[in-house]
Amino acid sequence: MAADMGGSYGSTLRYKSVERMKPFGKHSLLGASGEISDFQEILHYLDELILYDNMWDDGNSLGPKEVHNYLTRVMYNRRNKFNPLWNSLVLGGVKNGNKYLGTVSMIGVNFEDNHVATGFGNHLARPILRQEWHENLSFEDGVKLLEKCMHVLLYRDRSAVNKLQIAKITKEGVTIHQPYSLKTYWEVSAFENPAQGAIGSW
Amino acid sequence: MFRNQYDTDVTTWSPAGRLFQVEYAMEAVKQGSAAIGLRSKTHVVLGCVNKANSELSSHQKKIFKVDDHIGVAIAGLTADGRVLSRYMRNECINYSFTYDSPLPVGRLVVQLADKAQVCTQRSWKRPYGVGLLVAGLDESGAHLYYNCPSGNYFEYQAFAIGSRSQAAKTYLERRFESFRDTTRDDLVKDALMAIRETLQGETLKSSVCTVAVVGVGEPFHVLDQGTVQQMIDAFEIVAEQEGPAAEPDVDSGQEASAEPEPEQGAAAGEGVAPMDI
């Protein structure tokens with residue numbers, strides 16, 4: 001999973017080190033876009049859920065599929081009360097060797113797929129993924145593919161910041177890598193001497 | 001003598017530290033008709049004796065499906081059992097809806113036990129007068145639990161409750177070590193034999209018993225009468241070949257008299273002896 005570290009305040013790119021992906025439980029990772037405070041509230045609900053699950057101490061545990069369904073119920077319920085949690089969530093995990101990737105939106109739309117995205121990612125990244133994703137991607141190739149998508153988003157989505165993190169979930173557990181930046185190229189000839197073609201003051 | 005002084009309500013302790021009302025509730029379980037359960041690594045079988053009140057009436061339903069992966073057999077006040085089954089079904093449905101996953105049987109059993117415990121600590125309630133044998137599957141395999149009116153629960157490899165359950169328990173105690181790795185069909189046969197023990201000499205027929213199975217890849221279901229009767233006939237025939245049973249209606253009964261072991265022949269001549277296979 002990949003996410004940049006930007007937290008906007010309206011149209012201001014205010015916070016530039018926000019971790020928008022968090023692990024929870026033994027098997028899963030949750031990434032969110034949208035309202036950060038609502039994301040933190042969701043993490044609080046999930047911590048409680050996982051805590052009670054662990055307290056049973058009986059060899060059963062909630063896997064990513066179960067948590068995804070739980071979140072769907074929460075999001076849909078809030079939408080029905082006209083008080084949504086303003087997030088789009090991506091949930092991934094591996095349990096007993098089974099991989100799971102799903103998404104829930106703020107209105108409770110949920111589905112599983114081989115690749116999912118939130119916001120502009122649906123318009124810019126998913127077409128790339130549809131072309132280039134395949135079952136047997138290695139981790140390195142997967143990261144390259146995600147970076148390709150993040151590049152496009154960085155250039156074209158005005159709320160993107162150039163500082164991103166990659167998260168990896170395997171049966172061993174969840175690791176979130178250190179943040180890094182993508183190399184961008186701005187030496188396009190159209191950007192050289194931008195005032196050249198301007199006639200008059202406007 | 002003291003029993004009567006401290007047994008009026010459930011919230012009164014006796015000087016010996018007992019709650020008599022709870023004990024009386026467990027007595028109600030002992031008076032109900034027998035129910036047995038046994039499990040292997042992958043399957044659990046529940047069986048019960050069904051006695052109709054009269055020839056005109058149907059017999060009471062004592063085995064309930066709670067979910068595809070959980071079923072329960074009851075002994076005692078069947079009305080209380082029905083109510084608790086409804087609670088269990090509700091819990092399973094709610095969990096499935098929220099998590100898209102079956103409720104682990106161990107967790108359901110604890111919820112049931114906590115519900116029963118509440119009734120032992122409120123002056124305006126009475127304990128449930130029913131014992132439940134809960135059979136189910138979860139991530140760690142097949143399980144069989146017994147839930148008491150006292151709010152206690154125990155996990156078992158095999159167990160029997162209700163009247164004349166001691167005979168079944170004795171049979172199960174002799175055989176339980178083999179259950180873990182046995183096949184599903186052998187497990188059902190063992191259940192039928194355990195039921196037969198509680199009948200104390202009466203003929204085992206599919207009309208007096210009910211058997212249900214749940215297992216890995218096999219959702220909980222009650223076996224139909226025909227299948228049960230076939231299984232009974234199958235092992236009765238085996239019994240015939242080893243030593244004649246007094247079953248006049250087993251028509252493939254062979255040379256019952258031409259027995260190589262005369263002692264068995266003599267003993268069986270007096271009536272059905274429990275099969276010591």
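The values are calculated or read from the model by the stated rules, or taken from the named source; none is laboratory data. Here the structure is a predicted model, which is why all the values come from computation and not from measurement. Using ideal geometry, Cβ is built from the backbone for each residue, glycine included, and neighbour counts are taken over all protein chains shown. Side chains are part of the model used for accessible areas, which takes the heavy atoms of the whole protein and leaves out ligands, DNA and RNA. Shrake-Rupley method; radii C 1.70, N 1.55, O 1.52, S 1.80 Å.
Results for (1) without any contact (Cβ under 8 Å) to a residue 40 or more places away in the chain; (2) within 14 Å of another protein chain (Cβ to nearest Cβ); (3) closer than 18 Å to B:Val188 by Cβ; (4) buried (at least 16 other Cβ atoms within 10 Å of the Cβ), shown as yes or no for each residue.
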residue: B:Leu56; (1), (2), (3), (4): yes, no, no, no
residue: B:Gln60; (1), (2), (3), (4): yes, no, no, yes
residue: B:Tyr87; (1), (2), (3), (4): yes, no, no, no
residue: B:Asn94; (1), (2), (3), (4): yes, yes, no, no
residue: B:Asp100; (1), (2), (3), (4): yes, yes, no, no
residue: B:Asp114; (1), (2), (3), (4): yes, yes, no, no
residue: B:Ala135; (1), (2), (3), (4): no, no, yes, yes
residue: B:Ala142; (1), (2), (3), (4): no, yes, yes, yes
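Answer yes or no: is there a residue in segment A:99-108 that is away from chain B (no Cβ under 14 Å), surrounded by fewer than 18 Cβ atoms within 10 Å (Cβ to Cβ) and among the basic types (Lys, Arg). Looking for residues that are away from chain B (no Cβ under 14 Å), surrounded by fewer than 18 Cβ atoms within 10 Å (Cβ to Cβ) and among the basic types (Lys, Arg), one finds at least one in segment A:99-108, hence yes.
Being among the polar types (S, T, N, Q) and open to solvent by 70 Å² or more (accessible area, probe 1.4 Å) is the filter here, so list the residues in segment B:191-208 that pass it. Spell out how you get there, then give the answer.
From segment B:191-208, those among the polar types (S, T, N, Q) are B:198, B:200, B:203, B:206-207; that's our starting set.
The one that is among the polar types (S, T, N, Q) and open to solvent by 70 Å² or more (accessible area, probe 1.4 Å): B:Gln200.
The single residue among B:Val211, B:Val222, B:Val216, B:Val188 that is touching a strand residue (DSSP E or B) at 6+ places or on another chain (Cβ under 9 Å), more than 23 Å from B:Arg107 (Cα to Cα) and open to solvent by 20 Å² or more (accessible area, probe 1.4 Å) turns out to be B:Val222.
Considering the conditions (1) in contact with a helix residue (DSSP H, G or I) (Cβ under 7 Å, 6 or more places away or on another chain); (2) surrounded by fewer than 19 Cβ atoms within 10 Å (Cβ to Cβ), B:Val45 is excluded by exactly one of them, (2). Looking across segment B:118-142, the residues that are more than 20 Å from B:Thr8 (Cβ to Cβ) and either more than 18 Å from the chain's Cα centre (by Cα) or aromatic (Phe, Trp, Tyr) (or both) come down to B:Asp138, B:Glu139, B:Ser140, B:Gly141. When segment B:4-42 is filtered for residues that are open to solvent by less than 50 Å² (accessible area, probe 1.4 Å) and in contact with a strand residue (DSSP E or B) (Cβ under 9 Å, 6 or more places away or on another chain), the ones remaining, listed by number, are B:Ala25, B:Ala28, B:Val29, B:Gly32, B:Ser33, B:Ala34, B:Ala35, B:Ile36, B:Gly37, B:Leu38, B:Arg39, B:Ser40.
Scanning segment B:1-42 for residues that are assigned to a loop (DSSP other than H, G, I, E, B) and free of Cβ contacts under 8 Å to residues at least 60 places away in the same chain gives B:Met1, B:Gln5, B:Tyr6, B:Asp7, B:Thr8, B:Thr12, B:Trp13, B:Ser14, B:Pro15, B:Ala16, B:Gly17, B:Arg18. Against the condition over 10 Å from the mean Cα position of the chain (by Cα), under 26 Å from B:Gln200 (Cβ atoms) and either modelled with pLDDT under 95 or open to solvent by less than 30 Å² (accessible area, probe 1.4 Å) (or both), how does B:Tyr146 come out, does it pass? Against the criterion (over 10 Å from the mean Cα position of the chain (by Cα), under 26 Å from B:Gln200 (Cβ atoms) and either modelled with pLDDT under 95 or open to solvent by less than 30 Å² (accessible area, probe 1.4 Å) (or both)), B:Tyr146 does not qualify.
Just to be sure I understand, how many residues within segment B:65-85 are under 17 Å from B:Leu137 (Cβ atoms) and either within 14 Å of another protein chain (Cβ to nearest Cβ) or not aliphatic (A, V, I, L, M) (or both)? Working first, answer last.
So in segment B:65-85, the residues under 17 Å from B:Leu137 (Cβ atoms) come out as B:65-73.
Then drop every residue that is not either within 14 Å of another protein chain (Cβ to nearest Cβ) or not aliphatic (A, V, I, L, M) (or both), which leaves B:65, B:67-71.
Qualifying residue count for the region: 6.
Based on what the data block shows, is A:Ile166 open to solvent by 50 Å² or more (accessible area, probe 1.4 Å), under 19 Å from A:Ala32 (Cα atoms) and among the hydrophobic types (A, V, I, L, M, F, W, C)? Give the derivation first.
On the way: open to solvent by 50 Å² or more (accessible area, probe 1.4 Å): no; under 19 Å from A:Ala32 (Cα atoms): yes; among the hydrophobic types (A, V, I, L, M, F, W, C): yes.
Spelling it out, it is not the case that A:Ile166 is open to solvent by 50 Å² or more (accessible area, probe 1.4 Å), under 19 Å from A:Ala32 (Cα atoms) and among the hydrophobic types (A, V, I, L, M, F, W, C).
If the condition is being among the aromatic types (Phe, Trp, Tyr) and over 23 Å from A:Gly34 (Cβ atoms), then segment A:109-136 contributes only A:Trp133. Can you find a residue that is in contact (Cβ under 8 Å) with a residue 60 or more places away in the chain, assigned to a helix (DSSP H, G or I) and among the hydroxyl-bearing types (Ser, Thr, Tyr) anywhere in segment B:198-214? Looking through segment B:198-214, at least one residue is in contact (Cβ under 8 Å) with a residue 60 or more places away in the chain, assigned to a helix (DSSP H, G or I) and among the hydroxyl-bearing types (Ser, Thr, Tyr).
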